[in-house]
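All remarks here apply to the structure that follows.
What follows is calculated from the coordinates using simple rules that are stated; it is not laboratory data. Everything numeric in this text was worked out from a predicted model, so none of it was measured. Neighbour counts are summed over all protein chains in view; Cβ atoms, including those assigned to glycine, are modelled from backbone coordinates with ideal geometry.
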Amino acid sequence: MKKNKKRNKVLWLFEMAALCLALYLVVNARTDRTKPVVFEGAQGGLTSADSFTYLDPSATPTPDPNAVKWPKLTVEDLKEKRQYTIVNDDHLLSSAFKPDDTGKISGTNQLFDAEILPYLEAMLQDMRDHGYSPYIAGAYRSYSYQEKLFNGKASQIAMGMNPPVSDYMDERYQIAVAEARTIVMFPGSSEHQLGYAVDILDRQRTRLVYENMNKEFFAYLDSICAQYGFIKRYPTNKLLLTGWDEPYHYRYVGVEAATFIMEHGICYEEFYAHYDPEFTFGAYVKKS
Ligand SMILES: [Zn+2]
């Protein structure tokens, strides 16, 4: 009996060590070490508007609230108008949320919010008129679809463990969930559920690998997207704030906000934090 208890304790210690190692590896993998990143203020994860001092030499800093003219918006605007809805790991959409109405993006089987669709179509036409061939890799995704994607990834990781874990009640399954969370968006945290977000790639270069991406294509898209109300939602140099590095993901916020965000090179969390003093984020975007 005593021996058994001791064995359990050793096993427990071993599991904790494995958990720490897994978390370390996950955090490590998310940190781009090729860029000198100074992370202040947001250190430890949670950041609020009043303590905002994020510094990244490779990124555009958050503009001084007194030095630049921010769009005239109120917290109520941000909370009430769907185009401003903040969706991330700390602000999840409910499983019941779905767009009022969706329409098919022309030439694809992908759906988008019907009201915003004309702006997306106009932006895609602008790309074509300038010799580019945009390819829609993803648009509206339901909660249940995202859940399926996420659970698929988590169970794939769990089954790849040694020994494989198939029982999601197993403690080690949580390690797989934590890792899956860095690869596939957690259900409710994806903007694709809003119906306002779209993944756009160059049709000739659709592999989601950096070296393969057409820089010219994205430079052009970045230069015009705000005119149509879209922002680059997860710029590479804001990875430590958003938790995602997805240079091909664009999201509709309206022309006014988009113009300001793209001009100042900020991410949506920085924009939102300016208006909402209660706003905190980054619980999952932690540097250990
Ligand atoms: Zn996306």
(request) Treat each spin label as a single point 7 Å out from the Cα along the C-beta direction, and report the ARG203 to HIS130 distance in nm. (result) 1.8
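Under the classification rounded if a/c is under 1.5, otherwise prolate if a/b is larger than b/c and oblate if not, where does segment 157-243 fall, given a ≥ b ≥ c as square roots of the Cα gyration tensor eigenvalues? Before the final figure, lay out the partial values.
Working: a/c = 2.93, a/b = 2.09, b/c = 1.40.
Because a/c hits 1.5 or more and a/b exceeds b/c, segment 157-243 counts as prolate.
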(request) State, to one decimal in nm, how far the label point of LYS6 lies from the label point of ASN109, with both points 7 Å from Cα in the Cβ direction. (result) 6.1
(message) Cβ neighbours within 10 Å, averaged per peptide: list 154-160, 102-108, 10-16 in order, most packed at the top.
(response) 154-160, 102-108, 10-16
(message) What does the charge count around PRO99 come to, taking other residues whose C-beta lies under 10 Å from its C-beta (Lys +1, Arg +1, Asp -1, Glu -1)?
(response) -2
(message) Below 17 Å, Cα to Cα, which aspartates and glutamates can LYS104 reach? Residues fewer than 8 away in the same chain don't count.
(response) ASP113, GLU115, GLU121, ASP199
(request) For SER94 and GLU121, calculate 0.36 nm times their separation in residues minus their Cα-Cα distance, and state this gained length in nm to one decimal. (result) 6.9 nm
(request) Might you report the magnitude of the Cβ-based charge dipole of segment 110-256 about its Cα centre, with Lys and Arg at +1 and Asp and Glu at -1, to the nearest 20 debye? (result) 240
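With a sphere of radius 9 Å drawn around the Cβ of ALA154, what net charge do the other residues whose Cβ falls strictly inside it have (Lys, Arg +1; Asp, Glu -1)?
+1
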(request) Note down the magnitude of the dipole of segment 220-279 about its Cα centre, charges +1 on Lys and Arg C-beta and -1 on Asp and Glu C-beta and zero elsewhere, to the nearest 20 debye. (result) 200
(request) List the relative contact order of segment 137-179 as a percent without decimals, with contacts defined as Cα pairs under 8 Å and 6+ residues apart. (result) 32
(message) Using alpha carbons only, how many angstrom separate the centre of segment 200-264 from the centre of segment 90-140?
(response) 14
